[in-house]
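Asks: One structure, pasted below without further comment.
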Amino acid sequence: MHEMSLCESVLQIIEQQAKAQQFAKVKTVWLEIGALSGVEADAMHFSFEVVMQGSLADQAKLEIIEVPGLAWCMPCGCEVLVQQLYDECPHCGSHQLQIVDGDQMRIKELEVE
Amino acid sequence: MCGVCGCGEGHIHSHDEPHDHEHAHEHSHDHGHHHHHEHSAEHSHAPGLTQARMVQIEQDILAKNNRYADENRRYFSERGMLALNLVSSPGSGKTTLLTETILRLKDELSIAVIEGDQQTARDADRIRATGVPALQINTGKGCHLDAHRVGHGLESLNLPEHSLLFIENVGNLVCPSAFDLGEAHKVVILSVTEGEDKPIKYPDMFHAADLMILNKTDLLPYLDFDSAQCIQYAKQVNPRIKVLSLSAKTGEGMDNWLTWLRAEMALQRIAYA
Ligand SMILES: Nc1nc2c(ncn2[C@@H]2O[C@H](COP(=O)(O)OP(=O)(O)OP(=O)(O)O)[C@@H](O)[C@H]2O)c(=O)[nH]1
Ligand SMILES: [Mg+2]
Ligand SMILES: [Zn+2]
Ligand SMILES: [Zn+2]
Ligand SMILES: [Zn+2]
Ligand SMILES: [Zn+2]
Ligand SMILES: [Zn+2]
């Protein structure tokens, strides 16, 4: 359900851009999705197909660029890779981690005609 | 469809009295902060065969919601209001906590509630029975409140300065975490009947919240719920999260919650002055 409303937001952005940048059909959509964003790629692909039906992005291909989770460990003072929000620092075991990357959900680029 | 914002949603409006919010709202629709990289972005692909080209967008998927949330946040700060977004799974006791809180604070503060549910006005009716204004927003198929609908809710509530506004989100531990409503804090309510592992099963919500309330502590004697473990899980996901335990039913622990609310209200007043 979450992914459904995200895809609706993606479609709104595409429709706005279609006017501003003068295109009538979208062939490919590139999204940048962080590993810590809570977005499931599978659910996103499914919702995308449903939401884009009958729109200017009907049949468009969805490409998801996955961005790994990156956090700054306060005790160690270094950046570490994390898979989940509840992960601990692989160096010192601390949970005092501040997310620095991988929580984004962005629309990057479109291939249009 | 909304004449002010062209939003195409059949929601509650009061467009008769133009004020700051509506003006700003309209403005943000016309001049959103999009970045058009027209020069660098439009390079053609497969020249000669098709008209295909690349368009760079670089926008947060939730950018529109976030712009409305910024509007709401400005609305709150201009009026010295404290807005709290209450999130939880269905039935954790949000509405009970609110009615009990209102009964204890309504002589001291101006309070209002925005109720989000998929269907029915039952929760708003329960709030109104305490004597404070409440607005019900039904999200239909939607599983969360968004900042746009809350913004229109603010227009129709038209609250006095220094109000305390509770926004009871749709019962759902997943997607309300992603939708900023402009609140000062998300408060996640977890009832002890739900099990201590919820913070790590639904980490996004506990990561986004500033305060966790463990509710229904009156039931602890009948359960195996491990409070210490639950709090440890919550801190694992969010080292900054504060925790309060209470029973909205018996009133045990309510004083700590009221103290937290009064301190947050005082902070808003200081920021406003
Ligand atoms: N034993 C006990 N029951 C409680 C407590 N707080 C709420 N309840 C009960 O839990 C049930 C759900 O309470 P609500 O206040 O409707 O919960 P809610 O989170 O608003 O529910 P939704 O809006 O439907 O998500 C009701 O039967 C309440 O009486 C508590 O502290 N102890
Ligand atoms: Mg309720
Ligand atoms: Zn470390
Ligand atoms: Zn974060
Ligand atoms: Zn509208
Ligand atoms: Zn609107
Ligand atoms: Zn939702």
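A short reminder: the numbers here are calculations on the coordinates, not readings from a lab. Just so it is clear, the structure is predicted and the values come from calculations on it, not from any experiment. Cβ: placed from backbone, ideal geometry, glycine included. Neighbour counts: every protein chain shown.
Asks: What's the magnitude of the charge dipole for the protein assembly as shown around its Cα centre, counting Lys and Arg as +1 and Asp and Glu as -1 at the beta-carbon? Answer in Debye, nearest 20.
Replies: For this selection, approximately 560 debye.
Asks: Please give the helix A:41-52 orientation as an angle from the longest Cα principal axis of chain A, in degrees from 0 to 90, rounded to the nearest 10.
Replies: Long axis of A:41-52 versus the principal axis of chain A: about 20 degrees.
Asks: Additional query: Which one, B:244, B:159, B:110, projects farthest toward the positive side of the charge dipole computed for segment B:53-266 from Cβ point charges (K/R +1, D/E -1)?
Replies: Looking along the dipole axis, the top candidate is B:159.
Asks: Sticking with this one: Between A:37, A:6, B:256, whose Cα lies farthest towards the positive end of the dipole of the protein assembly as shown when Lys and Arg beta carbons carry +1 and Asp and Glu beta carbons carry -1, centred on the Cα centre?
Replies: B:256
Asks: How charged is the neighbourhood of residue A:54? Take every other residue with its Cβ under 15 Å from the Cβ of residue A:54, and add Lys/Arg as +1 and Asp/Glu as -1.
Replies: -3
Asks: Something else: Residue separation times 0.36 nm, minus the C-alpha to C-alpha distance between residue A:113 and residue A:12: what's the value?
Replies: Contour length minus the Cα-Cα distance gives 34.6 nm.
Asks: Assign unit charges at the C-beta atoms only (+1 for Lys and Arg, -1 for Asp and Glu), then state the dipole size of segment A:1-112 relative to its Cα centre in Debye, rounded to the nearest 20.
Replies: Result for segment A:1-112 is approximately 400 debye, rounded to the nearest 20.
Asks: Taking amide H positions as placed 1.01 Å from N in the peptide plane, with prolines and chain starts having none, which residues 5 or more places from residue A:28, or on another chain, fall under 5 Å of its amide H?
Replies: Excluding prolines and chain starts, which carry no amide H, the hits are A:61, A:111.
Asks: Okay, moving on. Compute the acute angle (0 to 90°) between the alpha-carbon long axis of helix A:2-21 and the principal axis of greatest extent of the alpha-carbon atoms of chain A; round to the nearest 10°.
Replies: Value to nearest ten degrees: 60.
Asks: Any lysines with Cα under 27 Å of the residue B:249 Cα? List them, leaving off those in the same chain fewer than 8 positions away.
Replies: Within the straight-line limit of under 27 Å, residue B:249 reaches these lysines: B:94, B:106, B:186, B:198, B:201, B:216, B:235.
Asks: Can you find, among B:99, A:28, B:232, the residue sitting farthest towards the positive end of the charge dipole of the protein assembly as shown, where Lys and Arg contribute +1 and Asp and Glu -1 at Cβ?
Replies: B:99
Asks: I've got another one for you. Quick one: of the DSSP bridges fully inside the protein assembly as shown, what percent are antiparallel, nearest 5?
Replies: Bridges in the protein assembly as shown that DSSP calls antiparallel: roughly 40 percent.
Asks: May I pose another question? Where a ≥ b ≥ c are the square roots of the eigenvalues of the C-alpha gyration tensor, would you call segment B:53-266 rounded, which needs a/c under 1.5, or, failing that, prolate if a/b is larger than b/c, or oblate?
Replies: Verdict is oblate for segment B:53-266.
Asks: Could I ask something else about it? Would you grab the residues whose amide H sits under 5 Å from the one on residue A:70? Only those 5+ places off in sequence or on another chain, please, with H modelled 1.01 Å from N.
Replies: A:82, A:100, A:101, A:102
Asks: Place a +1 charge on the Cβ of each Lys and Arg in segment B:53-266 and a -1 charge on the Cβ of each Asp and Glu, then give the dipole magnitude about the Cα centre in debye, rounded to the nearest 20.
Replies: For this selection, approximately 280 debye.
Asks: Can you compute the helix-only [θ] at 222 nm over the protein assembly as shown? Use -39500 (n - 2.57) per DSSP H run of at least 4 residues, normalise by all residues, nearest 500 deg cm²/dmol.
Replies: Estimated from H runs of four or more residues: -10500 deg cm²/dmol.
Asks: Using the basic label-point model (7 angstrom from Cα toward the beta carbon), what is the residue B:269 to residue B:125 distance in nanometres?
Replies: 3.7 nm
Asks: Label the protein assembly as shown by shape, choosing from rounded, prolate and oblate, from the square roots a ≥ b ≥ c of the eigenvalues of the Cα gyration tensor; if a/c is under 1.5 it is rounded, and otherwise prolate applies when a/b is larger than b/c, oblate when it is not.
Replies: Here the protein assembly as shown falls in the oblate category.
Asks: Using only Cα atoms, locate the centre of segment B:119-173 and the centre of segment B:214-273, then give the distance between them in Å, rounded to an integer.
Replies: Between the Cα centre of segment B:119-173 and that of segment B:214-273, the gap is 22 Å.
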